[in-house]
Amino acid sequence: MNHLMYPEMLWLLLLPLVFRYAVPVAKGLHGDALRVPFLRDLEKINLKAGGIWNMRTHDDKKFSLPLMLLYLIWALLVFAAARPQWVGEPVRLPGMSRDILLVVDISNSMKEPDFVLNNRRVDRLTAVKKTASEFIRKRVDDRIGLVLFGAQAYLQAPITYDKKSVEEILWATDAGMAGNSTSIGDAIGLALKSLKGSKDIEKKIIILMTDGENNSGSLTLPQAIELAKEEGVKIYTIGVGSDTSLVQSIMGFRLALPSGLDEDSLTEIAEATKGTYFRAKDSGSLQKIYAEIDRLEASENEAQFIRETKERFYWPLCVALGLIMILVLGIRRK
């Protein structure tokens, strides 16, 4: 979009007309008080050349070609002074950026279908994918990464601004891909290692989602907690799943067993790192948890925008300078 930065400068276009018609000619002992020598020379030259550049006619109020050219030069200079600019579409300024690493449990127990989405029963991992994807899209200014874990932990998506790719990787994940057991300590350790490269980012956050307890891996939870405290990384923990787990018995019946979720350890991890522990028993509570984390870690400067600006004043300025040169060369040649 093109616009003038100083449109009020256009009033100067009337200035030559004011001097020509409104200001009376001053008379003195030596004739005209205001004399422009080179315009007189133009008149004499053009009388010899056939009158094309003649400055006067029988009516002094009429415009001649040189005066019209001078007025065009003046108009171009005024237009350049008004600062014509091209302004692009508004671009949102980034707020205070955070590095957020999603650490998701994909052990076999995440296949448990005890969540409901759109009136349809789904497994825990599908509910986590849905709500986590919505959370990722909201974090406009932040970089997002993804760690998946079961018996072992894997960095599936390093910290990046390419949130679409993180979503695609998350949706391509299936429960059981990383084994049956749960190594929460190793997952936290890998997440902390991945965040070590973010030296210019003050806010580093881990969101840990699991439905079990730390029963595998080489790093214990106390060790993982100590490492997180040293790195200054805040950990939000989410316990996923209902209070009971349904299992298939030998006789074909589904039996309700107590959930294997270690809430005490997840609470300890969150409190030791200045985070918060949440319990997600259904899809609705999981959505509220992500909304609460989004509120606790709200981005700053969300309403600030900037527009790309390109100056265009040099176009009329160059044309005006070119016309001046043509006018001067014409005078000298005649």
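Please report, as a whole percent, how much of the solvent-accessible surface of region 125-219 comes from carbon and sulfur atoms (probe radius 1.4 Å).
The nonpolar share, carbon plus sulfur, comes to 48 percent.
Distance between the pseudo-spin-label points of Y21 and V116 (7 Å out from Cα toward the beta carbon): 8.1 nm. Using every pair of separate Cα atoms, the Kirkwood estimate puts the hydrodynamic radius of region 108-149 at 11.6 angstrom. Model label sites at R83 and L4, defined 7 Å from Cα along the beta-carbon direction, differ in position by 1.4 nm. The modelled label-to-label distance for the pair A298/K164, using points 7 Å beyond Cα in the direction of Cβ, is 3.0 nm.
Quick one: in region 67-180, what % of C-alpha pairs are over 22 Å apart? Numbers along the way, then the final one.
Numbers: 3415 of 6441 pairs.
Tail fraction, whole percent: 53.
Strictly over 24 Å apart at the Cα level, which of K164/K203; K193/K288; K130/K163 would you flag in this model? Cα-Cα > 24 Å for K193/K288; rest within.
Quick one: order E89, E311 from most to least accessible surface, probe 1.4 Å.
E89, E311
Heavy-atom accessible area for W74, with the other protein chains in place and a 1.4 Å probe, reaches approximately 80 Å².
Ordered by 1.4 Å accessible area with all protein chains kept, L15, L221 run largest first as L15, L221.
Across region 67-82, the residues whose backbone nitrogen lies under 18 Å from the label position 7 Å along the beta-carbon direction of W11 are 75, 78-82. Here E230 and T309 are evaluated by their C-beta separation; at R0 = 45 Å the FRET efficiency comes out at 0.50.
The values are calculated or read from the model by the stated rules, or taken from the named source; none is laboratory data. Just so it is clear, the model here is predicted, and its values are computed rather than measured. As a convention, Cβ positions derive from the backbone with ideal geometry for all residues, glycine included, and neighbour counts pool all protein chains shown. Heads up: the accessible areas ignore ligands, DNA and RNA and are worked out on the full protein's heavy atoms, side chains in. Shrake-Rupley method; radii C 1.70, N 1.55, O 1.52, S 1.80 Å.
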